[in-house]
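Peer 1: Supplied in structure tokens, the structure appears directly below.
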Amino acid sequence: MSTTPDPQTPDTAQLLEIALEAARRAGALLRDGRPADLGVAATKSSPIDVVTEMDIAAEKLITSYIGRLRPDDGFLGEEGASSDGTSGVRWVIDPLDGTVNYLYGLPSWSVSIAAEFHGTALVGVVEAPMRGETYQAVLGGGALVNGVPAHCRTAVEFSQALVSTGFGYLSERRAAQAEVVRTLVPKFRDIRRAGSAAIDLADVGCGRLDAYYERGLNPWDLAAGALFAREAGALTGGRPGAPASGELVVAAPPGLFEPLQELLDGLGAWHD
Ligand code: IPD
Ligand code: CA
């Protein structure tokens, strides 16, 4: 049998190096370049779904940097980057996840960059400059936080579980999400709402949360963080049997993941 690698298969070490450097540069721009009088540049799905000039500048930096090194790759970015490319590699980018935190000067925001090959995430980097932390993962290659292997927690009962979630920007959706949370609060150790889905997923992988769930994420919110959580030993998914998607994202260690997924499914956490 031939062991010649498929010439189309990308070099994951190179993709990782590029993702790390792009995330580092964008993180530094956001941390050091935040204007004291930062305001809202535009709104998207609702008046509270905001974009700042810095979201746009960070996405431009990332796509220019990657595009120079890998001109044949495609892009999907929260601030509009969208191209197919010809290499089979697509970069899925949230230049600033946690924009509302960033706008208010709260530290929980991140840069999220994943490289997918024909739709499968091969590499994921989440950069959290105000924590001084970089979360990186390669498919089948494990997860590292600042170069140190990351591992999710072992499963606990609901009553011992610290669970994070988030809310969408549309008020009907938020009302439905609040109903689900109302049922969950008495069951769990506690609930968190940190404001950056990429950091929530990284925190599951680092063992700083037992679990995370949310409805309504976009691919750029979850691509890098979900790979990190999986490579750190967690399971990710949507409704039972379905992959994580905009409908529902659940991330938790095996043993907690399954009952949590069932519970969320039964509570209708996947619809408005
Ligand atoms: C949001 C954050 C937030 C989550 C929202 C996302 P953005 O991303 O990840 O934690 O609850 O669903 O849209 O708008 O700050 O990039
Ligand atoms: Ca986001």
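None of the figures in this text is laboratory data; all of them are computed from the coordinates on show. Predicted model only: the values in this text are computed from it and were never measured. Note that each Cβ is placed from the backbone with ideal geometry, even for glycine, and that neighbours are counted across all protein chains shown.
Peer 1: Out of 147, 225, 124, any idea which swings most in a Gaussian network model of the chain, alpha carbons joined below 10 Å?
Peer 2: Fluctuation is largest for 147.
Peer 1: Moving on to the next point. Place a point 7 Å from Cα of residue 133 in the direction of its Cβ. Which residues in the stretch 175-219 have their backbone N less than 16 Å from it?
Peer 2: The answer is 192-212, whose backbone nitrogens lie closer than 16 Å to the label point.
Peer 1: How far, in nm, would the chain grow between residue 72 and residue 178 when pulled straight, counting 0.36 nm per residue and subtracting the alpha carbon separation?
Peer 2: Fully extending the segment from residue 72 to residue 178 adds 33.8 nm.
Peer 1: If you build a Gaussian network model of the chain, linking Cα atoms that sit under 10 Å apart, which residue out of 57, 36, 197 swings the most?
Peer 2: Highest fluctuation of the listed residues: 36.
Peer 1: Report the paramagnetic label zone for residue 20: residues of the stretch 131-169 whose backbone N is under 12 Å from a point 7 Å from Cα along the Cα-to-Cβ axis.
Peer 2: Taking a point 7 Å out along Cα→Cβ of residue 20, the residues of the stretch 131-169 whose backbone N falls under 12 Å are 134-138, 144-148.
Peer 1: Under a 10 Å cutoff between Cα atoms, tell me which one of 79, 214, 262 has the largest fluctuation in the Gaussian network model of the chain.
Peer 2: Of the options given, 262 has the highest mean-square fluctuation.
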